[in-house]
Amino acid sequence: MEEMNAQQTASPGADIVRLVREDSAAARLTRLSVLKEQFPEMDVEGIIAESGVPDLKKMRGKRDTYFFSDQSMTEAYAAHLFRIEEKDLLKLIAETVRDESQTYPRPTDARVFLGAPFNVAEHDLADTLERLAASPEYNDIRTCTASNGALYLYSSKYLGEAYAESLAEWMEVGQKENP
């Protein structure tokens, strides 16, 4: 019993690692600022770095530093949560659209930002899309509309206009008419 208690207290970072893993399993990032509040006497960031635990990943933002475990959260999902936490809607939408256009390649249904995990309000989405269109930094983010009026976004770096339009039409109308 004494040996077991010694093992449990031997690693001061065990609770920190456990918390990051629990947050990731619950689809949340762990904020460094929160960990520092919970463990004020510890160098939390140093403990995580020195832990040698390969599944813990770090993302440094302007607002905070975030951790997640890739045992239960993909890097792509963590990147979405990171952008949400950083509260930069322009970058959130642009980077998500770029990721989708490059990785899959497909345009992104604008309605996806209204639901989880993004939960962007309709008026904020409309405002952000206007700001994206006016920003030189995001001039590759384009829109196309399916025949049913659904708005899609794509990056011209990875998709051509005609291809993005045909994919949006297929995803929105063609698949539903041709099961």
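No value in this document is a laboratory result; all are computed from the given coordinates. Given the structure is predicted, the values throughout are model-derived calculations rather than measurements. Methodologically, a virtual Cβ is constructed for each residue, glycine included, from the backbone with ideal geometry; neighbour enumeration extends over all protein chains shown.
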Exercise for the section: Return the sequence-ordered ³J(HN,Hα) values of the range 68-85 in whole Hz as given by the Karplus equation 6.51 cos²θ - 1.76 cosθ + 1.60 applied to θ = phi - 60°, using x for Gly and Pro. Expected result: 8, 10, 7, 6, 10, 9, 6, 5, 5, 5, 4, 5, 4, 4, 4, 5, 5, 4
Exercise for the section: Please work out the Cα convex hull volume for the chain and give it in Å³ per residue. Expected result: 152
Practice task
Could you tally the net charge around Leu89, taking each other residue with its Cβ under 9 Å from the Cβ of Leu89, Lys/Arg +1 and Asp/Glu -1?
Solution key: +1
Practice task
Could you tell me which of rounded, prolate or oblate describes the range 92-179, using a ≥ b ≥ c as the square roots of the eigenvalues of the alpha-carbon gyration tensor, with rounded for a/c under 1.5 and, failing that, prolate when a/b is larger than b/c and oblate otherwise?
Solution key: oblate
Problem - the chain: angle of helix 122-134 to the longest principal axis, Cα-based, in degrees nearest 10 - result: 70
Exercise for the section: Give the calculated FRET efficiency between Arg131 and Asp55 to the nearest 0.05, with a Förster radius of 35 Å applied to their Cβ-Cβ distance. Expected result: 0.45
Completion exercise
Ordered by fewest other Cβ atoms within 10 Å, a rough proxy for footprinting exposure, Lys62, Lys36, Lys57 read Lys62, Lys36, Lys57
Handout entry: Estimated D of the range 2-78 in µm² per second, where Rh is the Kirkwood radius over Cα pairs and Stokes-Einstein applies at 20 °C, 1.002 mPa s
Key = 166
Practice task
Kindly provide the helix-only [θ] at 222 nm of the chain, computed as the sum of -39,500 (n - 2.57) over DSSP H runs of four or more divided by all residues, to the nearest 500 deg cm²/dmol?
Solution key: -14000 deg cm²/dmol
Practice task
Within the set of other residues whose C-beta is less than 14 Å from the C-beta of Leu114, count the net charge using Lys and Arg as +1 and Asp and Glu as -1.
Solution key: -3
Completion exercise
Placing each pseudo-label 7 Å from Cα in the direction of the beta carbon, Ala79 and Thr103 end up separated by a distance in nanometres of 0.6
Fill in the blank from the handout: Assertion target for Ile47, Ile16, ordered by fewest C-beta neighbours within 10 angstrom first, is Ile47, Ile16
Handout entry: Unit charges at the beta carbon, dipole of the chain: most positive-side option, Leu89, Ala134, Val53
Key = Ala134
Practice task
Find out how many positive minus negative residues lie around Ala146, taking Lys and Arg as positive, Asp and Glu as negative, among other residues whose Cβ is under 10 Å from that of Ala146.
Solution key: -4
